[in-house]
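Structure first, commentary second.
The values are calculated or read from the model by the stated rules, or taken from the named source; none is laboratory data. Quick caveat, the model's predicted, so the values are computed rather than measured. As a convention, Cβ positions derive from the backbone with ideal geometry for all residues, glycine included, and neighbour counts pool all protein chains shown. The area values use the complete protein model at the heavy-atom level, side chains included, leaving out ligands, DNA and RNA. Shrake-Rupley method; radii C 1.70, N 1.55, O 1.52, S 1.80 Å.
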Amino acid sequence: MSAREEILARIRTAVAGAPDDGPADGGIPRGYRAVRQVDDLVELFAERVRDYRAIVHVVPEDDLTAALARVAGGRRLVLPEGLPAGWAPGPGHADPYTADGVLTACAVAVAETGTIVLDHGPGQGTRAETLVPDHHVCVVRAGQIVGGVPEAVARLDPSRPLTWISGPSATSDIELSRVEGVHGPRTLEVVIAT
């Protein structure tokens, strides 16, 4: 018996007697919670993002332009193609390798996990533009925040390149010494427009 045959035999033995009432395609039924019931998605999202050591600003939509100018603070920011009109706090900096940071929009955000998802569509930049600069300022509109991951996945196009961001880039070595900025921006600043 080959290793493959042995593994398949073990799987058949393990699932023997399992209920055969799965979906029509023969797959295993999944009881995922599709919608996360949350009283205040913005508040939960802001709390979770802060837990990841990100800087969070919750501002009214009408104050977004002024808030972005304050957050930019004179930094030379990459301003991706398709960024909404009025968001640019100054002239854009073209080179992510010499910029102080990047300002982006997002595709969706997950309240339960404090995760921001970029699908690199208009205003979200390329992967290099979002991962190379040391500071990432990301605008999340209240209507883009969903309760859980299944809701976020339902809003995304799986054929697009997706970057899932849960706080500033960080890693720990085997002695558990946390180092930030190794795989992406050291600082994540999230501006939530309500």
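Across segment 128-134, computed HN-Hα scalar couplings (Karplus, 6.51 cos²θ - 1.76 cosθ + 1.60, θ = phi - 60°) run 4, 5, 9, 9, 7, x, 7 Hz from first to last residue, x flagging Gly and Pro. A dipole drawn for segment 42-109 from +1 and -1 charges on Cβ atoms has a positive end, and of 82, 94, 67 the residue lying farthest that way is 94. A straight chain from residue 100 to residue 18 at 0.36 nm per residue would run longer than the Cα-Cα distance by 23.9 nm. Here the alpha carbons of segment 104-152 define both size measures, Rg and Dmax, at 10.9, 30 Å.
Volume per residue of the convex hull around the Cα atoms, evaluated for segment 40-194, comes out as 112 Å³. Note on residue 154 and residue 128: the extension gain reaches 6.8 nm, defined as 0.36 nm multiplied by sequence separation minus the Cα-Cα distance. Amide H to amide H, with H built 1.01 Å from N, residue 102 comes under 5 Å of 78, 135, 136, 137, counting only residues 5 or more places away or on other chains. Accessible surface ranking for 141, 53, 1.4 angstrom probe, highest first: 53, 141.
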